[in-house]
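Engineer: Sharing a structure below in structure tokens format, with a few things to ask.
Readers should treat all values here as calculations from the given coordinates under stated rules, not as data from a laboratory. Treat the numbers as computed from the prediction; the structure is a model and nothing was measured. Here the Cβ positions follow ideal geometry from the backbone for every residue, glycine too, while neighbour counts run over all protein chains shown.
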Amino acid sequence: MKIALVVGARPNFMKVGPVYFELKKHSRYTPLLIHTGQHYDKNLSEIFFEQLGFPKPDVYLGVGSGTHGVQTAKIMIAFEQFLLQEKPDLVLVAGDVNSTVACAIDAVKLHIPVAHLEAGLRSYDRRMPEEINRIETDCISSMLLTPSEDADENLIREGISKDKIFLVGNAMIDSLMQYEKKAERTSIINDIGIKKHSYALITLHRPSNVDDKENLEIILDAFSEIAEKIPLVFPIHPRTRKQLAVFGLEEKANAIANLKLIEPIGYLDFLKLEKYAKFVLTDSGGIQEETTVFKVPCLTLRENTERPITIELGTNQLVELNKDAIVQKVNEILEGNCKMGSNPPLWDGHTAERVVQVMDKFNYSFF
Ligand code: UD1
Ligand code: UDP
């Protein structure tokens, strides 16, 4: 069986990695790794290949950045050529980025079944590009590999046949559990000059937060106040870095004493910073999940989340985009008012094994 596994943007690597390496253990499978090139900076791509131990991708499509239409179309054009040549038996896509939906559409139109890893998540906010990508991909996939029961319920509500839905757990947490020990050995906390449990970790890249000048200013004002109480470490996403420059807000950000703006960092360094943070403030999808497993309080700067289980069972809380609201939530955490939460079922480090079991039983001729 030839299985084509698609990666493109930062969060894909830690989700697809465990499945790729599990498939490699079984001689009946030939996994092929396709990198679309949606992310291309060393610290958003190559560093994860190195740290997660991937070989060079079998195919690199090199599409780069662009508007949604341009990027999605470029991936589709390039990936279709790969499919026509290689004719894989199954295409596995992960998560909700443009590479996910582009490659899924190509595959189904050539009658190649699609497996969607992390299927069924819904924010019910169609202003998010990722929500459109999730809905479209789920709609056309034959193997919907879900991380939690709420995802199954969402899919069933949308009329998707139960036969296609497989609750396997969270592949990203497989990576976390596999690399946690190695991450312990990094020196990032010393290198930055901070102390365990005495700093906050920040990541922000959602267009709703960073592509709007007023919103970005509110966030910086909140940081300014919070940084008086606790150092903030902010590995800044290139989208956010660019927007600070576009809005002329770089000086304002640089002027916040105690705000350590650094380049995006590798997975091992990031896991270590996450594990020992007093709290994490983010708008990332995956980081809501990782903080739940690390039992680190997470403030998610969004109106909604496609990962409600991280609120129900985990350490996550939504925070509205308002300076006082952000500062208040932070104060609550600093006063010790935060929940410990528990691990969602099947976020146990064995998701990739369950994915391969599903692939073993899948009827590849059924479409
Ligand atoms: C993408 C995903 C988002 C995911 C995020 C993870 C979509 C629609 N968005 O958002 O769901 O949460 O990745 O990090 O797929 N850039 C660089 N170097 C790079 C990549 C991007 O400088 O290697 C800059 C470019 O200016 C680019 C901008 O970042 O225009 C945005 O990149 P893009 O891939 O379009 O979206 P992300 O914000 O990264
Ligand atoms: N991450 C990382 N370095 C960073 C920021 C994040 O390695 O500087 C990792 C993080 O541990 C998680 C993943 O990237 O595994 C989350 O990706 P991102 O936030 O870019 O995307 P999202 O999950 O929002 O789609």
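Engineer: Return the long-range amide H neighbours of LEU5 (sequence gap of 5 or more, or a different chain), with a cut-off of under 5 Å between placed amide H atoms.
Structural biologist: Amide H neighbours of LEU5: LEU32, LEU33, ILE34, LEU92.
Engineer: Using only the Cα atoms of the chain, build the gyration tensor, take square roots of its eigenvalues as a ≥ b ≥ c, and label the shape rounded, prolate or oblate: rounded if a/c is under 1.5, else prolate if a/b is larger than b/c, else oblate.
Structural biologist: prolate
Engineer: Let me ask something else. Quick one: which residues, 5+ away or cross-chain, put their amide H under 5 Å from the amide H of HIS237? H built at 1.01 Å from N.
Structural biologist: Answer set, sorted by chain and number: LEU204.
Engineer: Separate question: What's the center-to-center distance, using Cα atoms, between the range 161-191 and the range 272-336 in Å?
Structural biologist: Each part reduced to its Cα centre gives a spacing of 18 Å.
Engineer: Rounded to a whole number, what is D in µm²/s for the range 110-207 from Stokes-Einstein with the Kirkwood radius over alpha-carbon pairs (10 °C, 1.306 mPa s)?
Structural biologist: Once the numbers are plugged in, D ends up at 98 µm²/s.
Engineer: So what's the back-of-envelope 222 nm ellipticity for the chain, counting only DSSP H runs of four-plus at -39500 (n - 2.57) apiece and dividing by all residues, rounded to 500?
Structural biologist: Taking each H run of at least 4 residues, the total per residue is -13500 deg cm²/dmol.
Engineer: Still on this structure, I have one more. Each residue of the range 26-39 in order: what ³J(HN,Hα) in whole Hz does its phi give by Karplus 6.51 cos²θ - 1.76 cosθ + 1.60, θ = phi - 60°, with x for Gly and Pro?
Structural biologist: Karplus values, whole Hz, x for Gly and Pro: 10, 5, 6, 10, 10, x, 10, 9, 10, 9, 6, x, 4, 9.
Engineer: Per residue of the range 97-104, in order, report the coupling 6.51 cos²θ - 1.76 cosθ + 1.60 (Karplus, θ = phi - 60°) as ³J(HN,Hα) in whole Hz, putting x for Gly and Pro.
Structural biologist: Along the range 97-104, the couplings run 8, 4, 4, 4, 6, 4, 6, 5 Hz.
Engineer: Right, here's the next one. Give me VAL293, VAL358 sorted ascending by neighbouring Cβ count inside 10 Å, so fewest comes first.
Structural biologist: VAL358, VAL293
Engineer: Continuing with the same structure: Let me know the shape class of the range 1-129, please: from the alpha-carbon gyration tensor, a ≥ b ≥ c as square roots of the eigenvalues, rounded when a/c is under 1.5, otherwise prolate if a/b is greater than b/c, or oblate.
Structural biologist: Judged from the Cα gyration tensor, the range 1-129 comes out rounded (a/c under 1.5).
Engineer: Could you line up MET14, MET128 from fewest to most neighbouring Cβ atoms inside 10 Å?
Structural biologist: Taking fewest neighbouring Cβ atoms as first place, the list is MET128, MET14.
Engineer: Based on alpha-carbon centroids, what's the gap between the range 212-254 and the range 1-19 in Å, whole number please?
Structural biologist: Taking the Cα centre of each part, the range 212-254 and the range 1-19 sit 32 Å apart.
Engineer: Could you give each residue of the range 260-275 its phi-based ³J(HN,Hα) in whole Hz, using Karplus coefficients 6.51, -1.76, 1.60 with θ = phi - 60°, and x for Gly or Pro?
Structural biologist: Along the range 260-275, the couplings run 9, 7, 10, 5, x, 10, x, 4, 5, 4, 5, 4, 5, 4, 5, 4 Hz.
Engineer: Also, quick follow-up: Can you give the charge dipole size of the chain about its Cα centre, rounded to the nearest 20 debye, using +1 on the beta carbon of Lys and Arg and -1 on the beta carbon of Asp and Glu?
Structural biologist: In total the dipole reaches around 800 debye.
Engineer: Test of understanding: ordering LYS278, LYS196 by Cβ neighbours within 10 Å, fewest first, what list do you get?
Structural biologist: So the ranking, lowest neighbour count to highest, is LYS196, LYS278.
Engineer: Same structure, new question: Counting alpha carbon pairs within less than 8 Å and at least 6 residues apart, what relative contact order, in whole percent, applies to the range 151-265?
Structural biologist: 23
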